[in-house]
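The values are calculated or read from the model by the stated rules, or taken from the named source; none is laboratory data. As the structure is a computational prediction, the values presented were derived from the model and not from experiment. When we count neighbours, we look across all protein chains shown, and the Cβ atoms used for this are built from the backbone with ideal geometry, even at glycine.
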Amino acid sequence: MRRWIAERVRNGETLIGCFVSNPQLATCEVLAASGFDVLVADAEHFPLGPADVQTIIAGADLGGLPALVRLSDDSPTSIQYALDAGAAGVIVPRVHGAG
């Protein structure tokens, strides 16, 4: 799935996603079956713990969708944990430039 989402982004396609703050497996499965291209676990604006993020990723996976994680910070530990949990990618908050 990671290649699928990256390929679509490189091709300039518009992806429709849904930000998820409710770490309930059934909720994520329903959202994944609702026609979205991607689900995003929003750990920046909601107090999602590691188990919550894993549940959202698992629900997206069960619905056949990739999941991204919007992190609460830009620490390498946060990024690595999200990717190790199976996220197709991360959204890093408050990035104001490449350097």
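Worth a mention:
- Taken over region 1-24, the criterion of being within 22 Å of residue 81 (Cα to Cα) and at pLDDT 90 or above is satisfied by 17, 18, 19, 20, 21, 22, 23, 24.
- Test: residue in region 65-75 that is in contact with a strand residue (DSSP E or B) (Cβ under 7 Å, 6 or more places away or on another chain), at pLDDT 90 or above and not aliphatic (A, V, I, L, M): yes
- Positions within region 1-18 being under 14 Å from the mean Cα position of the chain (by Cα) and either surrounded by 15 or more Cβ atoms within 10 Å (Cβ to Cβ) or assigned to a loop (DSSP other than H, G, I, E, B) (or both), in sequence order: 1, 5, 15, 16, 17, 18
- Residue list for region 62-84, filter: more than 22 Å from residue 15 (Cα to Cα) and in contact with a helix residue (DSSP H, G or I) (Cβ under 7 Å, 6 or more places away or on another chain): 72, 81
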